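Structure first, commentary second.
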C-alpha cells in the first residue's frame, strides 16, 4: 500500500469522492502544513494554525496509480482559487499536494505543468506542491462524514452534487458498490 495526501477544500466533500475509487483502501480526514501540534478542528477553522484540511489516502498501486489519484484531485476542485473552494474560505481550504517521496513530487509537478500548458483553466493554478510535514488525523466525527451525515443540509446541497458529478466523470474507476448507485 502507498499513501497520498491532498488538500482540495473541505475534507467532508473530498473524502466522499476518494472513498469510492477502486483501489483506495482507506481515506482519513486530517490536517497538515501548519505550525501547531495536534490541532483541533476549532483551531484549524480560525485560519491561525497554518494547517490545511487534507485527506490521507491509502491505496493499492496495483489497482490505482498515483497519476490516477492526481487526475481525480485536479478534476474535483478548483485549483485556481487561492484559499477557497466554493463558499469555504480560508487558508485551511487551500489547494495543496503534500508529497511523501521524490516520485510523488515529480509526478505532481509534471501534472501541474501539463495542466498549466494545456490552458485547461482560464486562471493560473495556485496549487502548491510541498513535502508532507506532520500529519494529524481529524477528530472521529469528521471521518466518513458524508456517508454518516448525508441527510444534513451541507451534505445535501454541497457534497452530494460534487459526488454525483464525480461518479459521472469517473464511472470507470468506481468500486462496484458505487458504480450501481
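The values are calculated or read from the model by the stated rules, or taken from the named source; none is laboratory data. Values in this document were obtained by computation on a predicted structure and should not be read as measured data. Because the Cβ atoms are built from the backbone with ideal geometry, glycine has one as well, and the counts that use them run over all protein chains shown.
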Scanning region 56-90 residue by residue, those touching a helix residue (DSSP H, G or I) at 6+ places or on another chain (Cβ under 8 Å) and farther than 16 Å from residue 108 by Cα turn out to be 59, 83, 84, 85, 86, 87, 90
Requiring at least 3 residues that are out of contact with any strand residue (DSSP E or B) (no Cβ under 8 Å at 6 or more places or on another chain) and closer than 30 Å to residue 176 by Cβ, the helices (runs of 4 or more DSSP H) wholly within region 1-112 are 66-75
For residue 75, the lone unmet condition from (1) surrounded by fewer than 17 Cβ atoms within 10 Å (Cβ to Cβ); (2) modelled with pLDDT of 95 or more is (2)
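Does residue 125 satisfy being touching a strand residue (DSSP E or B) at 6+ places or on another chain (Cβ under 7 Å), outside any helix (DSSP H, G or I) and either at pLDDT 95 or above or over 20 Å from residue 3 (Cα atoms) (or both)?
Criteria not met by residue 125.
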Given (1) more than 16 Å from residue 6 (Cα to Cα); (2) buried (at least 17 other Cβ atoms within 10 Å of the Cβ); (3) touching a strand residue (DSSP E or B) at 6+ places or on another chain (Cβ under 7 Å), residue 132 misses just (1)
Taking region 128-178 and keeping only residues that are under 16 Å from the mean Cα position of the chain (by Cα), more than 21 Å from residue 25 (Cα to Cα) and not in a helix (DSSP H, G or I), one is left with 128, 129, 130, 131
Among the residues of region 1-13, the number that are surrounded by fewer than 24 Cβ atoms within 10 Å (Cβ to Cβ) and over 20 Å from residue 103 (Cβ atoms) is 2
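Could you pull out the residue among 16, 52 that is modelled with pLDDT under 95 and surrounded by 17 or more Cβ atoms within 10 Å (Cβ to Cβ)? Reasoning before the result, please.
On the way: 52 fails: modelled with pLDDT under 95.
Going through 16, 52 in turn, just one is modelled with pLDDT under 95 and surrounded by 17 or more Cβ atoms within 10 Å (Cβ to Cβ): 16.
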Residues in region 91-114 that are surrounded by fewer than 15 Cβ atoms within 10 Å (Cβ to Cβ) and touching a helix residue (DSSP H, G or I) at 6+ places or on another chain (Cβ under 6 Å) total 0
